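Beneath this line is the structure, given in structure tokens, with notes to follow.
Read-outs throughout are calculated quantities, based only on the coordinates presented, and are distinct from any laboratory measurement. None of these values were measured; they are calculated from a predicted model. Because the Cβ atoms are built from the backbone with ideal geometry, glycine has one as well, and the counts that use them run over all protein chains shown.
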Amino acid sequence: MGDRLLGVRGWKLYTKEFPVLDVGFQAEGRTELRVRLVATNWNDEPPSVELLDKDGNYLTGPKIPQNSGNVFHTDNHHLTGRPFVCMAGAREYHTHSSHTGDLWDNYKRRGGYDLGGIMTQLWHVWKKCNP
Amino acid sequence: MPAVTTKNKMADIELHVHTCEGVEPKLIKIASDATVEQLIKELQAAGAAVGEPGEEIVLWVENQEVACERGRKLHEHGIGHGHHIHCHRCKQVKVFVTHESQIKEKSFAPSATIHKVREWAVEAFGPLVREQDEALYLHGDLKAKLSEHAHIGSFVKPSHCELDLCLAHKEAQSIEVAVLTTSGSWPHEGFETVPAHQLVKVELQRAAKKLGLADTNGWVAKVGNVELNVEKSYLNNGLKCRVEIDYGPREGGGGDE
């Protein structure tokens, strides 16, 4: 993940030290969203996705980006007790009672489901959210 | 008194020896009755075509597809004064030529000239190519037309016996392109110069290959916030001069929950 890509996308790289990829999404007129992928047991398990503010605090319900097409959930996940990402590729999705039948094994070898790909998918979601 | 022996010393000949170390051939002087083996050793002594231990160096006459046998004399292969030969570690060079949105490939000996490859490419791409208007370039470098006399082996490092070329109009309008992904950028630094009328997908496919991206199915290519139609050219996408293409998966869909 080079400086050119970070510059073009407006990504701020906080950490890229396996198993953590921590990136802030920035754009003019937008509140930064920081997304931290924690990929313990990669890639037997998908990464856990944490939604943070720029200071690294977990986002609470009202601060979760709106109109994400059900990707950024304001409800708390039963395992983490926090708002979560409900999208294939996120550990919280595959462990959610509604999606336990949608196995990570079906995704993990596909293009776009490495850590950079999952981060990219979330960035596209964020760009479509309300400013 | 020791016996006097007369030795018919053969005249030296000069050969233009092409290698992977640059387009310009080296001028080597050697006895006309020397063997191929002796010539290779002569070259290696001069610091050219030095391989790893155990690696075989092979010699070809220009535009000949069959390699010279090491034990035979140069003249037995028809090699004479002023001839051009090629010395390389690649036995074959797999050449990929892009024209418009199509790619053709064929393997040649490293001694094949750009002229020979261009003639093949013009025929392979068919009647849409106007021979007099086309030239070969290194893919991604539309600024410098390749010399018709250069050997393809001169553009290929021995560790990677492939060559990407582009067949384009001599006066083709060009555009500088870089493809950016989370797995890296292609080219790693700077930009490739490609024909502006080339379809966007050609460079995306090339970047995927170079970056080792096995699956880009469904990926989206964007410049700024504008999604490109990869089945159209840069010009038809309204692009010119220089672009950085952001290439990656689309946004993920949310669960129903």
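Which of the aspartates and glutamates could be linked to A:Lys128 by a straight reach, that is with a Cα gap under 16 Å, when you skip same-chain ones fewer than 8 residues away? Answer for A:Lys128, where 16 Å is the Cα cut-off: A:Glu28, A:Glu32, B:Glu227, B:Glu251, listed by chain and number. Summarising the label geometry, the points placed 7 Å from Cα in the beta-carbon direction at A:Asn43 and B:His188 lie 2.3 nm from one another. Computed across chain A, the Kirkwood hydrodynamic radius from all distinct Cα-Cα pairs reaches 14.8 Å. If R0 is taken as 25 Å, the Cβ-Cβ distance between A:Glu32 and A:Thr80 corresponds to a FRET efficiency of 0.70. Over the stretch B:12-88, Cα pairs under 8 Å with separation of 6+ residues give a relative contact order of 43 percent. Against the main long axis of the alpha-carbon atoms of chain B, helix B:114-125 sits at an angle near 40°.
Please give the charge dipole size of the stretch B:93-169, origin at the Cα centre, charges +1 on K and R Cβ atoms and -1 on D and E Cβ atoms. Round to the nearest 20 debye. Write down the numbers at each step before the final one.
Numbers: 9 positive and 11 negative charges, 43 e Å.
The dipole magnitude comes to about 200 debye.
Put the Cα centre of the stretch B:23-101 next to the Cα centre of the stretch B:234-257 and the gap is 47 Å.
How big is the dipole moment of the protein assembly as shown about its Cα centre under a simple scheme where the beta carbon of each Lys and Arg is +1, that of each Asp and Glu is -1, and everything else is neutral? Debye, nearest 20, please. Each step should come with its number before you reach the end.
Details: 45 positive and 53 negative charges, 61 e Å.
For the protein assembly as shown, the charge dipole is close to 300 debye.
What FRET efficiency would be calculated for the residue pair B:Glu37, B:Glu148, taking the C-beta separation as r and a Förster radius of 41 Å, to the nearest 0.05? Here the calculated transfer efficiency is 0.85.
Report, in listed order, any pair from B:Lys41/B:Lys104; B:Lys106/B:Lys240; A:Lys12/A:Lys63; A:Lys16/B:Lys157 with a Cα-Cα distance greater than 30 Å.
On the way: B:Lys41/B:Lys104 36 Å; B:Lys106/B:Lys240 32 Å; A:Lys12/A:Lys63 19 Å; A:Lys16/B:Lys157 33 Å.
Where the Cα-Cα span goes over 30 Å, the pairs concerned are B:Lys41/B:Lys104; B:Lys106/B:Lys240; A:Lys16/B:Lys157.
The label point for A:Asn106 and the one for B:Asn236, both projected 7 Å from the Cα toward the Cβ, are 3.6 nm apart. With R₀ fixed at 45 Å, the C-beta to C-beta distance from B:Phe96 to A:Lys128 puts the FRET efficiency at about 0.75.
The value obtained for chain B, namely the Cα convex hull volume divided by the number of residues, is 167 Å³ per residue. For chain A, averaging the sequence separation of C-alpha pairs within contact (under 8 Å, six or more residues apart) and dividing by the residue count gives a relative contact order of 18 percent.
Taking the longest Cα principal axis of chain B as reference, the axis of helix B:200-211 is set at about 60 degrees. Note on the stretch B:174-248: dipole from Cβ charges, positive end direction compared against B:Val243, B:Thr182, B:Ser233; the farthest Cα belongs to B:Ser233.
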